[in-house]
Every structure is written in structure tokens, then in C-alpha cells.
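Values in this text are rule-based calculations from the coordinates and carry no lab data. Keep in mind the model is a prediction, meaning the values are calculated, not measured. Here the Cβ positions follow ideal geometry from the backbone for every residue, glycine too, while neighbour counts run over all protein chains shown.
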Amino acid sequence: MSNFIGIRHEDKYVMERRAPLTPKHVERLIKHKKLDFVIQSSEKRVFTDDEYIKAGAKVAKDLKKCGVIFGVKEMPEWFFEEEKTYVFFSHVIKGQSYNMQMLRKMMELKCNLIDYERVVDEQGKRLIFFGRYAGLAGMINSLWSMGLRLKEAGFNTPFLHIKQAHHYHSLAEVREVISAIGQEIAEKGLPEELRPFTVAFTGYGNVSQGAQEIIGLLPVKEISPEKLLALKRRSKLPDNLIYKVVFKEEHLVEPVDENEEFDLQEYYSSPEKFKGKFEKYIPHIDMLINCVYWDARYPRLVTKDYLEKLFAAGKPKLKVIGDISCDPDGSVECTAKGTEIEDPIFVYHPDSRTYTMGHKGEGVLVMAVDILPAELPRDSSLGFADVLVNYVKAIADCDFQEDFLTLDLPNAIKSALILHRGELTPHYKYLESHVTV
């Protein structure tokens, strides 16, 4: 059991300003659950030290006296202490090689590790997540990118009024700005050369829903993927509409065996039996917003080979890819890397298969910030903490010295316990082969 709960300051990224629990939530836990908090001092966190002090917490340079420590992103190896409990996004469940040394260190020190990503209900649905905010910030950044890219092509559009997401104080401020842009488009339209202006969303989960919230502030008409193929460039379509298309799995892939019909469960269980078919839609898309989960078992959505052929045939319609999923060399193969908030976009050059940071040059612009929720630190922290607050006392009160089977934890938290006293728990034994490599 722990007398003090710690909240670590974030240091993996320069502009990571989120917190897992806000002063409002800490105050509630102190008053109603009689918990004690120590907040690691931070000059950049979106919530100040003084705000936490007013909430009733202590502020210190380190968290030595804390037995349970909450963070957001990965923590450095030197930070871990023997037999303590750590709660953060560990990014180890896929056996990510870049975090295996961290996991080994935690095992050596007999630590307990709870990963937010694995806090799920009985149906396996995630309960604590930043995904919606990744979608919100990713869509803001993609529209900002589109404004820059169109200006390079000689078009001054209302998208130029949009700034990168982190420049706004709050989501409310962004909504006001983009709603005004939507009104301007509704009244004045977009240039004829850009008609029909189309935005494609791959995926329909929390990330995609967040992105669609933002595009919904503009004058949007949703159409099916089939109708997208029928839209003709510069035809007699309204000039004040943006066409939104949401792609589900059946639009992205098809069975390799032409005699088979698409079956979603079979795709999840045997993705090797499927091939990609999304590329046929790309010539009809201005902006692609990628929000799908992907790993190496699944077909890619956009390949480098396809982009080379597309651009070799002439200047295509595709101008911006907002790769919110941000899997380098993954579902969108031209995503060369995850970018930082300070340098968020690059232009991929299909002919040479190279990229140039910024928004200039021939090719397609890619926005691939890999900590997008950090661009809306206040709103995303509040939304995240609204759920996490319900589990804090149970984690703080748990006696982790007990056997795994008898641990007094909510099922959702127990399912997220990757390490118990330095040992991989039953659901995560598969990581042994990765840790020992």
C-alpha cells in the first residue's frame, strides 16, 4: 500500500505538457477519497505547480516518497525504484524493441506496471484514452497544412486562417475559428479548380470521431466511397460544400481469393488472406485523414510504389495526408517518421522517395505528429482524468505484495497490469521472447 501518490512531470518530448490528473481531479480525490498527492514540479506543464498546491497537493522535485506514480508517456530507466507501481503508456504490448530495455529494468526492480492502453471493459473496449484528442488536433493540423499547401499552388483559401493546434488556448477557441471559416466557405465557396473538395477518413473509432468533429464545423456533405468514385472534377457541383467520405474495413481491403466475400472477423483473424484496395479511391481525394489501427500483418493503405505511379502520371488531386495513426513506414508507407510538434510536417517526394521538412516542394504533404493530444494539453488532460479519477483509489489502496490472483483491483485495471512484482502477468507472457532478445 502507498501513503503518497505521485504525478510525474513529462520529459520525453519538449512540448509534452499533459498531466494524467488535473488539479480539479486531485482536489476531488484529496477531499472525498482522503488520498495524499505529491506533484513533481514542472515549469512547462499546462497546469501550474500553484494550481496543484491550491488543490491540496504537495509539490516536490522528486517522487521518492511515493509508492504509486502516474505519468503519461514512457519514463527513463533511471527513474524507476524497487517494488513501486507505475501507471503510464508504456508502448510495450507489441514487443516494441525501443522499449524492451525499459521493461527489463522494471522487471529487475520488481516493479508493477499498469498500462492505460490495456484498461478495457469486458468487450475489450478501451476505457481511458487520448484518441479523440489525437483526432481533434490531427484534423486541425491537417486543415492548417492544407491552407499552406494550397497557397503554394496559388490558392488563397479560408484554411489560411487556421493555425497549428498548439497555438490555441483551448478547444473552444479552435471551434470558434473553424466555425467562422465554415461560414466563409458557405457564403463565398472554394475556387472552381478545387471542386469537388474531398476529405477521406480511414477508420471510424475514437480518433476518427474526433477528427470528424472538427470537419463537421465546415459545410460538409457525407457521401459513400462508391459515390466518391462518381464525382467528377470541376463538374456543376456546389462550390461551397466539402465532401466527407468515411472508409470502413470493407472499403480498404478485399479477399485475395476473388471467389470469397469480405468477412470482418476473418480479416481480423487472418489478415494475410486479404489485399488492399483503397488505392483506387486516392485519385479522387484531396485530403486523407488516416485513423486506422495497423500492424505488419495488415495490407497497407498507401504504398510508395503507388504514389510513384500516381505522381508520374501528372499532378494528382491528393495534396495532404494527415496520418494521425502515425505508423512510420506503416499503413501509409510514405510516413517516413513521426514528427515533433515543433517541426510537424514534411513533403514526401514520390519520384526520389525522399522527404523535405516543411510544406514546400513537389509531392504530397504529410502531417504525422506522434503526440497529437499534447497539442491540446488542457482539454485532453481534463478528458483523460475524467475517467482515470475513478480508478486512482483502487490502485493506491491495492496491496501489490499479494498473489496476482487475489489482488483487489477492478477487472479493467487488472487486465492492464503488465508486470506484477517484476513478473509478466498471464496475459502478457508472450512478451518474454521480446524481453530476452
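Structure values in brief
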| read-out | value |
| --- | --- |
| Length gained when the stretch residue 313-residue 64 is fully extended (0.36 nm per residue, less Cα-Cα span) | 83.5 nm |
| Ranking of 258, 184, 83, 16 by count of other Cβ atoms within 10 Å, fewest first | 258, 83, 184, 16 |
| Binned Cα-Cα distance frequencies in the range 1-140 - 5 Å width, integer % | 2, 9, 17, 21, 21, 17, 10, 3, 0 |
| Simple Cβ-charge dipole of the range 131-375, Lys/Arg +1 and Asp/Glu -1, about Cα centre, in debye nearest 20 | 940 |
| Net length gained if the chain between residue 96 and residue 54 were fully extended (0.36 nm per residue, minus Cα distance) | 11.2 nm |
| Cα-centred dipole magnitude for the range 110-167, charges only on beta-carbon of K, R (+1) and D, E (-1), debye, nearest 20 | 140 |
| Expected-Rg normalisation [2.2 N^0.38 Å, Cα atoms] applied to the range 28-108 | 1.25 |
| Kirkwood Rh in Å, taken over the range 233-326 so that all alpha-carbon pairs contribute | 15.1 |
| Volume per residue that the Cα convex hull of the range 343-437 spans, once the total is divided by residue count, Å³ | 177 |
| Alpha carbon centroid spacing (whole Å) that separates the range 137-155 from the range 260-279 | 33 |
| Residue 342 paired with residue 266, simple spin-label distance in nm, labels 7 Å along Cα-to-beta-carbon | 5.1 |
| Computed over the chain: relative contact order in percent, which uses C-alpha pairs under 8 Å that are six or more apart | 19 |
| Proximal aspartates and glutamates relative to residue 232, as straight alpha-carbon distance under 18 Å, when same-chain residues fewer than 8 apart are discounted | 192, 193, 222, 279, 286 |
| Whole-number percent relative contact order across the range 350-433, with pairs defined as alpha carbons under 8 Å at least 6 apart | 14 |
| Dipole magnitude of the chain about its Cα centre (Cβ charges: Lys, Arg +1; Asp, Glu -1), debye to nearest 20 | 1000 |
| Unit charges at the beta carbon, dipole of the range 314-437: most positive-side option, 356, 400, 426 | 356 |
| Gyration tensor over alpha-carbon atoms, the range 75-213, equivalent ellipsoid semi-axes in Å | 42, 16, 14 |
| Cleavage-rule hits, chymotrypsin sites (Phe, Trp or Tyr not before Pro), the range 271-354, DSSP coil, Cβ neighbours within 10 Å at most 12 | 293 |
| Packing-based exposure ordering (other Cβ within 10 Å, fewest first) of 326, 291 | 326, 291 |
| Per residue convex hull volume, Cα atoms of the range 131-375, in Å³ | 117 |
| Antiparallel %, DSSP beta bridges [both residues in the chain], to 5 | 30 |
| Furthest towards positive pole of dipole, 116, 264, 321, structure part the chain, Cβ charges | 321 |
| Proxy reagent accessibility, fewest Cβ within 10 Å first, across 59, 72 | 59, 72 |
| Relative contact order of the range 114-220, defined on C-alpha pairs under 8 angstrom at six or more residues apart (%) | 35 |
| DSSP bridge pairs, the range 131-375: antiparallel proportion in percent, nearest 5 | 35 |
| Long pairs among 24/84; 273/319; 248/393; 65/125, criterion Cα-Cα beyond 28 Å | 273/319; 248/393; 65/125 |
| Cα-based equivalent ellipsoid, the chain: semi-axes from gyration tensor eigenvalues, Å | 41, 26, 19 |
